[in-house]
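Worksheet for the structure shown next.
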Amino acid sequence: MAELQFWGIVKGGHFQPDNPVDWAVLPPRLEGHRVKVTVKRAFAKASKEQHGYYRSTILPTVTEWCGYDPRSKDDLDEVHQGMKRKFMETKTVRGIEIVPSHADADIEDMTVFMDLVLQWAAQGGLYIPGPEDRLLA
């Protein structure tokens, strides 16, 4: 069975799912099976500003630094996929490595990803302007 995610809120020490109908059909399907439950505080989706800074500054700068053409959509995508594989936690499903999408990233995940890319680039001697530097240019 694929990993299932349920969103909700904890009130009075009890989980209240956002979608009670889906939640209600889950226990019978898992009857008699061992399960793993992970609880993580939900954060808002990554912001437009985060995606904008990544796509307009970080990605093209790293792409050019790696010897690719930052004006080429294919080159940008190749570097983007490589950075995701290097800096994002992947999952293996039925022997296939799955790299998460930025579209599914929350603010925390995207912040960690961009910080790792910026640290890696800085260690290699690459300066990438911060978002505040873009606004002043």
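Brief remarks on what is shown
Table: residues versus (1) without any contact (Cβ under 8 Å) to a residue 40 or more places away in the chain; (2) surrounded by 15 or more Cβ atoms within 10 Å (Cβ to Cβ); (3) more than 19 Å from Ser56 (Cβ to Cβ).
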residue: Glu78; (1), (2), (3): yes, no, no
residue: Lys84; (1), (2), (3): yes, yes, no
residue: Phe87; (1), (2), (3): yes, yes, no
residue: Thr92; (1), (2), (3): yes, no, yes
residue: Val117; (1), (2), (3): no, yes, no
residue: Pro131; (1), (2), (3): no, yes, no
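- Test: residue in the stretch 103-115 that is surrounded by 11 or more Cβ atoms within 10 Å (Cβ to Cβ) and over 12 Å from the mean Cα position of the chain (by Cα): yes
- Residue in the stretch 38-46 that is surrounded by 13 or more Cβ atoms within 10 Å (Cβ to Cβ), touching a residue at least 24 places away in the same chain (Cβ under 8 Å) and charged (D, E, K, R) present: yes
- Qualifying positions in the stretch 22-34 - exposed (fewer than 10 other Cβ atoms within 10 Å of the Cβ) and at pLDDT 75 or above: Glu31, Gly32, His33, Arg34
- Within the stretch 5-29, residues that are within 23 Å of Phe43 (Cα to Cα) have Cβ atoms under 8 Å from residues that are modelled with pLDDT of 75 or more and among the aliphatic types (A, V, I, L, M) in these pairs: Phe15/Ile9; Gln16/Ile9; Gln16/Val10; Asp18/Ile9, counting only partners at least 6 apart in sequence or on another chain.
The values are calculated or read from the model by the stated rules, or taken from the named source; none is laboratory data. For clarity, every value in this text was computed on a predicted model and none was experimentally measured. When we count neighbours, we look across all protein chains shown, and the Cβ atoms used for this are built from the backbone with ideal geometry, even at glycine.
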